[in-house]
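The values are calculated or read from the model by the stated rules, or taken from the named source; none is laboratory data. Note that the structure is predicted; figures quoted are calculated from it, not measured. Positions of Cβ are backbone-derived with ideal geometry, glycine not excepted, and every protein chain shown enters the neighbour counts. For the accessible areas, the whole protein counts, side chains as well, though only heavy atoms, and no ligand, DNA or RNA atoms are used. Shrake-Rupley method; radii C 1.70, N 1.55, O 1.52, S 1.80 Å.
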Amino acid sequence: MSETTPPARLLSPTYAAITIGMCSLIGFVAFEALAVTTVMPTVARELDGTDLYALSFAAPLASGVIGMVAAGMWSDRRGPVAPLLWSMALFSLGLVVCGLSPSMEVLVAGRLVQGLGGGALVVGLYVLVGQVVPTTLQPAMFAGFAAAWVLPSLFGPALAAFVADAIGWRWVFLGAVALVAAAAVLVAPALRGRSSGSDEPADSGAGAGRLSWAIVGAGAVLVLELFGSARGIAGLGGVVALLVVVLVLVRLLPAGSLVGRRGLPAVIATRGLLSSGFFCVEAYIVYVLQEDWQLSPARAGIVLSVVGVTWAVASQVQARLGVRISHRRAMMIGAGLVLAGTLALVVSVWLHAPAVVVGASYVIAGAGMGLGYPRTSVAMLDVSTDRDRGSNSAALTIADSLGAALALSISGVVFAVAKRSDADPFLAVFVLAATIGVLGVLTARRTAPATLTAAAAASSPAPRPR
């Protein structure tokens, strides 16, 4: 009687080191992301930089696009190891600049550097998963990424609020440097001997062009936020910047992505719209709870904890459903829940409902992200090869980050204009997020299952963009 070979597992000797290393890195970055979101309203008030609040979130997402494209090119040519190591160094440098910032302008500059590292990190991890993890284990690896968000979600916001109150908000940034260093120590042994890229020569000319467009796009997003709300002729700068961002997206994303063409372009567009609407809300949810409901940073940050856990649980649910629910259906349900949660948030802010209702609305949107966001990752990997895995990963994360950065920049303009007009600026921002949610629902309908196979089973989400 022949022996049956037991199925491979992520914590088997073959994959244990790479699994622990990557999940630890995700967990430490998750802690930093949630901590910064919790304390940023305090930072903006203390540095007298409320006008740059939205930019402090948009900046790392915009510069992250540059890191994504560069890391995609580098990974396709040489493998993901060097991009991952450099990404951690840049991310740490940005944290140090933020922690030592004397003004909001310098802090935004630090966030730009941080974004370069964060963008490269996301692409490096995607490529590493596709390169060294078998297709049958990729869903479990992404599930591990989602699980790595749970503890930071539970304790990150409260710990950040405590640190900010006890020794100052600067140590939220500076302390995170030690976490990144610890992650580097954990992941480094797992990267040994993993540096090979594609055997085919990369198109360096095309890569350089993509990198140039990424730089232009990042700059245009920042210009949009800085000049979009200005009066008179200066405001035209924001309009021009918006047109430039659209042109950049046309050049950096697969053909048809901006119009939601069926197949991979629609998936990439859905990923961008999900992130745009959700993270536009995330940037302001703690802020509105502090300003309009007078909650402390610690109490307002509870909603981030609940959403983080909800996202992870919903991701596990859709992963267990596997091929019983198609990619298209999962993304449609997810996009619908994000829209429902955002609309509920609009109504609760408009009626000044109890704070718990406001938080619950955001939790619904978090469940939608857990259900819809994951399928975009595996769908992209399903149709990728060693030759284009890096560039496809970059395209997915570009839509993710540049879409969210664009939405945040526009939200800054909307916030400023509404405030100047004596309207409720938070309500205006959440209406913008709901509008994006409608587009997400419509686009998710076009992710045709005939083009995107469900053979690999659903994954849980890759790292949230930061």
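Say the dipole of the stretch 240-309 comes from +1 at the beta carbon of Lys and Arg and -1 at that of Asp and Glu; which of Pro297, Gly277, Gly260 then lies farthest toward its positive end? Going by the Cα projections, it comes out as Gly260. Each of Ser103 and Leu247 was given a label point 7 Å from its Cα along the Cα-to-Cβ line. The distance between the two points is 3.1 nm.
Would the stretch 214-355 count as rounded, prolate or oblate if I go by the C-alpha gyration tensor, calling it rounded below 1.5 in a/c and otherwise prolate when a/b exceeds b/c, oblate otherwise? The shape class here is oblate. The share of accessible area on the stretch 310-382 that comes from carbon and sulfur is 71 percent, using a 1.4 angstrom probe. Accessible surface of the stretch 1-133, 1.4 Å probe: 65 percent of it comes from carbon and sulfur atoms. The relative contact order of the chain comes to 26 percent, based on Cα pairs under 8 Å that sit 6 or more residues apart. Here the calculated FRET efficiency for Leu11 and Ala255, from their Cβ-Cβ distance with R0 = 51 Å, stands at 0.80, rounded to the nearest 0.05. Per residue, the solvent-accessible area of the stretch 309-350 (1.4 Å probe, heavy atoms of protein chains only, all protein chains present) comes to 45 Å². Taking each residue as 0.36 nm, the span from Glu46 to Thr136 lengthens on full extension beyond its C-alpha to C-alpha distance by 27.5 nm. Extension gain for the segment Thr435 to Phe162, taken as residue separation times 0.36 nm less the Cα-Cα distance, is 94.7 nm to one decimal. The distance linking the stretch 252-278 with the stretch 13-56 is 25 Å (Cα centroid to Cα centroid, whole angstrom). Segment Phe155..Val317, full-extension length gain: 56.0 nm, with 0.36 nm per residue of separation and the alpha-carbon distance subtracted.
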